[in-house]
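Chemist: Here it is, the structure in full.
The values are calculated or read from the model by the stated rules, or taken from the named source; none is laboratory data. Model, not experiment: these values are computed from the prediction. Here the Cβ is made from the backbone with ideal geometry for all residues, glycine too, and neighbour counts use every protein chain on show.
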Amino acid sequence: MFKSKQLYVQVKPGEMIASVVPSGRRCERKCAALSHPRTLMGEFVEIEKTLTSLVQELSPKTWLSVAPVITLHLLGNAEGGYTNVEVRAFREAALGAGARAVFMPSGPTPLSESAVLQKQYSELVGV
């Protein structure tokens, strides 16, 4: 009866690309907070605002709506991997943006819609 939307968000240096899976509806946002030279997480508040605007556009709240499930894929250059602090900060930003649940796949390449829906990926560990 009440099915939540599945959003797939690709986080890249300087931008976020979000899409509704499986409909394919998508939007992009530039985000200067993702341009830090040493880490993908530059400024938490700005990243959370960007995620909030993506969620509001792709999964607007209605009277009977359910919060979306977000698959948040970090695609920046992470030599040595992401720290527990970075993973947790991105997870908290997505929850603060209105997600009901957050999944964070590992790996440097974007996922297909079927991989997102069927959770055919390994998750980042640390949180």
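Chemist: Of the residues that sit in the range 20-48 and are assigned to a helix (DSSP H, G or I) and free of Cβ contacts under 8 Å to residues at least 40 places away in the same chain, which one is surrounded by the fewest Cβ atoms within 10 Å (Cβ to Cβ)?
Modeler: My answer is Val45.
Chemist: Every residue in the range 85-127 that is among the polar types (S, T, N, Q), surrounded by 12 or more Cβ atoms within 10 Å (Cβ to Cβ) and either outside any loop (DSSP other than H, G, I, E, B) or touching a residue at least 12 places away in the same chain (Cβ under 8 Å) (or both), please.
Modeler: Of everything in the range 85-127, just one residue is among the polar types (S, T, N, Q), surrounded by 12 or more Cβ atoms within 10 Å (Cβ to Cβ) and either outside any loop (DSSP other than H, G, I, E, B) or touching a residue at least 12 places away in the same chain (Cβ under 8 Å) (or both), namely Ser106.
Chemist: Say we look at the range 66-80 and pick out the residues that are of a type outside the set (A, V, I, L, M) and touching a residue at least 24 places away in the same chain (Cβ under 8 Å); which of these is nearest to Glu43 (Cα to Cα)?
Modeler: Gly76
Chemist: Taking the stated definitions as given, is Ser59 closer than 16 Å to Gln6 by Cβ and either under 13 Å from the mean Cα position of the chain (by Cα) or among the polar types (S, T, N, Q) (or both)?
Modeler: Criteria met by Ser59.
Chemist: Can I ask one more? Taking the range 1-19 as the region of interest, how many residues are of a type outside the set (Phe, Trp, Tyr) and not in a loop (DSSP other than H, G, I, E, B)?
Modeler: Residues meeting the conditions: 11.
Chemist: Something else about it: Being over 17 Å from Tyr121 (Cβ atoms), of a type in the set (D, E, K, R) and in contact (Cβ under 8 Å) with a residue 12 or more places away in the chain is the requirement here; does Glu15 meet it?
Modeler: The answer is yes for Glu15.
Chemist: Please find, within the range 59-73, the residue that is farthest from Val20 (Cα to Cα) out of those that are of a type in the set (A, V, I, L, M, F, W, C) and modelled with pLDDT of 95 or more.
Modeler: So the residue we want is Leu72.
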